[in-house]
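Enquirer: Please read through the structure below; I'll follow up with questions.
Read-outs throughout are calculated quantities, based only on the coordinates presented, and are distinct from any laboratory measurement. Keep in mind that this is a model prediction, so the values were computed, not measured. Cβ placement follows ideal geometry from the backbone for every residue including glycine, while neighbour counts extend to all protein chains displayed.
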Amino acid sequence: MQETGSTDWLASPAYVWDGNVARAVGQIVAPPLGLLHGIDLQKQRVSENIARHASGVAAHDMLLWGSRGMGKSALIRAAVSAATGNGIALVQLSADRLDSLPTLFAALQDVDRRFLLFVDDLGFAPGDLAGPRRLRSLLEGGVEARPGNVRLAVTTNHRAILPRELETTHSPRHERDAADDELALADRFGLVLGFHACDQDTYLAIVGAYARHFSLEWSEADALLWARQRGARSGRVAWQFIVECAGRAGRPL
């Protein structure tokens, strides 16, 4: 790993930031965009926004929220991978390193390159208002706001991001303040997209697309049984079924 000041921010397609140092990543592991099915509108909007940012024109910070396993993080990685030839790099950091963003912003602001900072599975603990308010300030309006060559992409399971607390002492004022905090943070993202659990037809279409790509035999009955055993239908469950099909056939992926 390298200290912030010694990192070559032009050398790699991706980096992992741990709050103090950056580690270069030689390849973004992501499926081809064409293999991501069942999220066509989200794929179009995210890809267009990342392409804009890569080319140096106006682009949004992004909030991708919704059901687990429906391709939120895979879409971010795939879209950046498709655009890396245009001079953009992905920088991933964990949600518990948000307090180090000003340091990272300072390191990136004078680099002649575009960066997408990726925070996967963001959430705040009940009662934590300082974290969300700090993030709002960093996104827009604060003295430490992100520089022009940086945009954020955040994934979360809930649009509001902030957990709702069930308190015996809450008042209308408390509820109103909490709602204002939730909306104020979500509203800082110019592009907000929901990802919802897929129906049976969409799930089977995702399985079929994977199977065709890898030339694998499969049956609808097996695919549906696999989903029932896991209690969910999603892109992730479809991929896990394809892994199982390939394993049964003695095939690598």
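Enquirer: I need the phi-derived Karplus couplings for the stretch 92-100: 6.51 cos²θ - 1.76 cosθ + 1.60, θ = phi - 60°, integer Hz, Gly and Pro marked x.
Expert: 9, 9, 7, 4, 7, 10, 4, 5, 8
Enquirer: Near the amide H of VAL25, under 5 Å away, which other amide H atoms are found, from residues 5 or more places off or on another chain, if H is placed in the peptide plane?
Expert: Placed amide hydrogens put ALA14, TYR15, VAL16 under 5 Å from VAL25.
Enquirer: If you don't mind, there's one more thing I want to ask. Once label points are set 7 Å from the Cα along Cα→Cβ at both GLN27 and HIS213, what is their separation, rounded to one decimal in nm?
Expert: Inter-label distance under the simple model: 1.5 nm.
Enquirer: Okay, moving on. Please give the length that would be gained between ARG68 and ASP121 if that part of the chain were fully extended, namely 0.36 nm times their separation in residues minus their C-alpha to C-alpha distance (nm, one decimal). Before the final figure, lay out each step's value.
Expert: Working: separation 53, 0.36 × 53 = 19.08 nm, distance 0.96 nm.
Full-extension gain reported as 18.1 nm.
Enquirer: Dipole of the stretch 183-253, Cα-centred, from +1 at each Lys and Arg C-beta and -1 at each Asp and Glu C-beta, to the nearest 20 debye?
Expert: Charge dipole of the stretch 183-253: 220 debye, to the nearest 20.
Enquirer: In addition: Near TRP226, within a Cβ-to-Cβ distance under 14 Å, what is the net charge of the other residues, with Lys and Arg +1 and Asp and Glu -1?
Expert: On the way: positive: ARG228, ARG230, ARG233, ARG236, ARG248; negative: GLU220, ASP222, GLU244.
Cβ neighbours under 14 Å give a net charge of +2.
Enquirer: Find how much the distance from GLN229 to VAL111 grows on full extension, using 0.36 nm per residue of separation minus their present alpha carbon separation; answer in nm with one decimal.
Expert: So the chain would gain 37.6 nm between GLN229 and VAL111.
Enquirer: Any chance you could check the Cα centroid distance between the stretch 39-57 and the stretch 191-238 for me, in angstrom?
Expert: Result: 24 Å between the Cα centres.
Enquirer: Quick check: pseudo-label points 7 Å beyond the Cα along Cα→Cβ at VAL16 and ARG251, how many nm apart are they?
Expert: 3.0 nm
Enquirer: Assuming 0.36 nm per residue, please report the length gained on full extension of the stretch THR84 to ASP96 beyond their Cα-Cα distance.
Expert: 1.7 nm
Enquirer: Once the other residues with Cβ under 11 Å from the Cβ of VAL237 are scored (Lys, Arg +1; Asp, Glu -1), what is the net sum? Kindly include the intermediate steps, with their values, before the conclusion.
Expert: Details: positive: ARG68, ARG228, ARG230, ARG233, ARG236; negative: GLU244.
Every neighbour counted, the sum reads +4.
Enquirer: Would you grab the residues whose amide H sits under 5 Å from the one on VAL192? Only those 5+ places off in sequence or on another chain, please, with H modelled 1.01 Å from N.
Expert: Here LEU63 satisfy the definition.
Enquirer: Read phi for every residue in the stretch 45-55 and hand back ³J(HN,Hα) as whole Hz from Karplus 6.51 cos²θ - 1.76 cosθ + 1.60, θ = phi - 60°, with x for Gly and Pro.
Expert: 5, 5, 4, 5, 5, 5, 4, 4, 4, 4, 8
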